[in-house]
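Take a look at the structure set out below.
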Amino acid sequence: MKKRLSLLYLLAILFSCSNKKADKKESPYVWKTISVRATAYNSLAYQTSNQPQIAAWGDSLKPGMKCIAVSKDLLQLGLDRNTEVKLEGFSGIFLVKDRMHSKWRNRIDIYMGVDVKKALEYGVKNIDLQYKILKDSLNTP
């Protein structure tokens with residue numbers, strides 16, 4: 001009986017060690033930081049289009065979602081659809097779900113549902129944005 005318990009104990013130790021190695025697998029992603037000019041927007045027809053709840057890639061926007069629109073020049077840096085981002089001054093992860101008009105450069109628009117007052121109070125700020133990008137894409141010219 002003691003031999004069986006010892007064997008079970010030894011197997012448990014071996015399996016727990018092998019799982020720790022699997023947990024330490026290196027992520028294929030890195031977080032890059034850039035400085036951008038940030039504004040806020042709402043899903044209201046007079047601010048966007050006659051279908052304000054539909055983003056540029058066809059995603060549906062709903063109040064409470066953490067998402068942003070990006071200027072087209074930022075797409076070339078890897079901030080394309082569904083890229084995870086962290087915004088200075090905000091908690092949590094936001095997703096890129098929309099594109100801005102081509103006249104804007106180095107700019108993001110933070111989605112604030114239908115709360116126009118909140119968007120106006122946010123105003124215009126220069127902030128740091130961190131975005132998640134595949135390490136392999138950093139080597140691409």
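The values are calculated or read from the model by the stated rules, or taken from the named source; none is laboratory data. Only a predicted model underlies this, so the values are computations on that prediction, with no experimental measurement involved. For neighbour counting, all protein chains shown are included, and Cβ atoms are generated from backbone atoms with ideal geometry for every residue, glycine included. When the accessible area is computed, the model is the full protein with side chains, heavy atoms only, and any ligands, DNA or RNA have been set aside. Shrake-Rupley method; radii C 1.70, N 1.55, O 1.52, S 1.80 Å.
Observations on the structure shown:
- Scanning the stretch 84-141 for residues that are free of Cβ contacts under 8 Å to residues at least 24 places away in the same chain and of a type in the set (D, E, K, R) returns K103, K117, E121.
- Evaluation of I93 against the conditions (1) at pLDDT below 95; (2) under 24 Å from E26 (Cβ atoms) shows that the sole unmet condition is (1).
- The lone criterion from (1) open to solvent by less than 70 Å² (accessible area, probe 1.4 Å); (2) farther than 30 Å from L138 by Cα left unmet by A55 is number (2).
- Complete set of residues in the stretch 58-99 that are in contact with a helix residue (DSSP H, G or I) (Cβ under 7 Å, 6 or more places away or on another chain) and within 20 Å of S137 (Cα to Cα): G78
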